[in-house]
Amino acid sequence: MAKNSIDAYGASGKTNLLFFDPDVLVLVTDTASALYDPRVELPVNEDLARNIDFYGVLQPISVVKNTETGETEVVVGRQRVKAARLANEWRRSRGEKPIQIPAQVYRGERRTALTAIVGENELRESETPLGRAEKMRRLMAMGYGEEDVAIAFGCRPATVSATLALLECCQDVQDAVEGNRLNLTHARRLSKLPPHEQREKVQELVAAGAESTGHERARKQRAVMGDERARMKTRKMIERELATAAGERAAALRWVLGQDSEGIEPDIGEH
């Protein structure tokens, strides 16, 4: 005789999950509501949508019934709902079955729902860059391609490549990335150097960004790496380039120099 799921898994009990079309769930935008979270205003995370499109929603959300309107409102899981809606747009365009979202009923009091929202989002420990890199390596060793790994991690293939490069770096570079003193882009470039050069360069990079944060740190560290893209072109440099340019590129350079008599902005794209 087949065992029930409690006996089969040795569980202490079980609850039933509900499944919803994400379009029928309500994301509360009333700032006076106990269910309001400012992150509901964030744009849809397309990387998360790609992950859901491939795997579905793996972690159930929490919902509660609004006794006044009869609507089912989301307590925890707003970003999953928004991403699932986008994933379903893609699936419908391909003629595939839409994804449903698993949900649990929130059993706490409505007025205390904010504490559940905070706990869900603030008490998680983020994976370290090196930990992510090792998991990516294991997936690649199992035969997954960069596109597949990117979907699994909710990122782009370029991020997978940069993260994997961390495993080729010396300990000093890995420590700098883990300590948020160096980004993956610089680590990827350092990975191409011999270990002794990596150790020397990472010291320069960390020192350059020691007293700065954000864009200022990035600018200073790009300068250490000799990144020409961080430098603005002077008028003389543009004039020299114009002397040998033609077509749309020449028109773009003339516009930058204020020499376009028609006053029409050309398409200044990457050429």
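Tell me, in nm to one decimal, what length is gained between Glu204 and Asn4 on full extension, where the rule is 0.36 nm per residue of separation less the Cα-Cα distance? Let's see the in-between values first.
Numbers: separation 200, 0.36 × 200 = 72.00 nm, distance 6.16 nm.
Here the segment from Glu204 to Asn4 would lengthen by 65.8 nm.
Where does the chain land at 222 nm, in deg cm²/dmol rounded to the nearest 500, when only DSSP H runs of n ≥ 4 count, each adding -39500 (n - 2.57), divided by all residues? Could you put the intermediate results ahead of the total?
On the way: 13 runs with 131 residues, N = 271.
It comes out at -14000 deg cm²/dmol, rounded to the nearest 500.
Show me, for region 70-78, the HN-Hα J-couplings you get by feeding each phi into the Karplus relation (A = 6.51, B = -1.76, C = 1.60, θ = phi - 60°), rounded to Hz, glycine and proline as x.
x, 7, 9, 9, 8, 8, 10, x, 4
Hey, fewest Cβ within 10 Å first, where do Arg138, Arg222 land in order? Walk me through the intermediate numbers first.
Working: Arg138 11, Arg222 18.
Result, fewest neighbours first: Arg138, Arg222.
In square nanometres, what is one fourth of the surface area of the convex hull spanned by the alpha carbons of the chain?
Numbers: hull surface 99.6 nm².
Mean orientational projected area (the chain, Cα hull): 24.9 nm².
Past the 26 Å Cα-Cα mark, which pairs from Lys82/Lys220; Lys14/Lys65; Lys192/Lys220? Kindly include the intermediate steps, with their values, before the conclusion.
Working: Lys82/Lys220 37 Å; Lys14/Lys65 21 Å; Lys192/Lys220 21 Å.
Check vs 26 Å cut-off fails for Lys82/Lys220.
What angle, in degrees between 0 and 90 and rounded to the nearest 10, separates the Cα long axis of helix 113-122 from the longest principal axis of the Cα atoms of the chain?
40
Classify region 129-230: rounded, prolate or oblate, from the alpha-carbon gyration tensor (a ≥ b ≥ c, eigenvalue square roots; a/c under 1.5 rounded; otherwise prolate if a/b is larger than b/c)? List each step's numbers first, then the result.
Working: a/c = 2.20, a/b = 1.74, b/c = 1.26.
The shape class here is prolate.
For Thr115 and Thr128, calculate 0.36 nm times their separation in residues minus their Cα-Cα distance, and state this gained length in nm to one decimal. Could the numbers behind the result be given before it?
Details: separation 13, 0.36 × 13 = 4.68 nm, distance 2.62 nm.
So the chain would gain 2.1 nm between Thr115 and Thr128.
Is the shape of region 1-62 best called rounded, prolate or oblate, per the rule: a/c under 1.5 gives rounded, else a/b larger than b/c gives prolate, else oblate, with a ≥ b ≥ c the square roots of the Cα gyration tensor eigenvalues? Walk me through the intermediate numbers first.
Numbers: a/c = 3.21, a/b = 1.85, b/c = 1.73.
Prolate, since a/c reaches 1.5 and a/b exceeds b/c.
Counting only DSSP beta bridges with both residues in the chain, what percent are antiparallel, rounded to the nearest 5?
Numbers: 7 of 11 bridges.
Bridges in the chain are about 65 percent antiparallel.
Relative contact order, percent, of region 130-185 when contacts are C-alpha pairs under 8 Å separated by at least 6 residues? Could the numbers behind the result be given before it?
Values: 42 pairs, mean separation 19.2, N = 56.
The normalised contact order for region 130-185 reaches 34 percent.
Angle, helix 214-224 long axis vs. longest principal axis of the chain, Cα atoms, 0 to 90°, nearest 10?
Result, in degrees: 40.
Taking θ = phi - 60°, what integer Hz values does the Karplus form 6.51 cos²θ - 1.76 cosθ + 1.60 yield along region 80-88, in sequence order, with x for Gly and Pro?
Going residue by residue, I get 5, 5, 5, 5, 5, 4, 5, 4, 5 Hz, with x marking Gly and Pro.
FYI, it's all coordinate maths here, none of it is from the lab. Given the structure is predicted, the values throughout are model-derived calculations rather than measurements. FYI the Cβ positions are ideal-geometry reconstructions off the backbone, even for glycines, and counts take in every protein chain you see.
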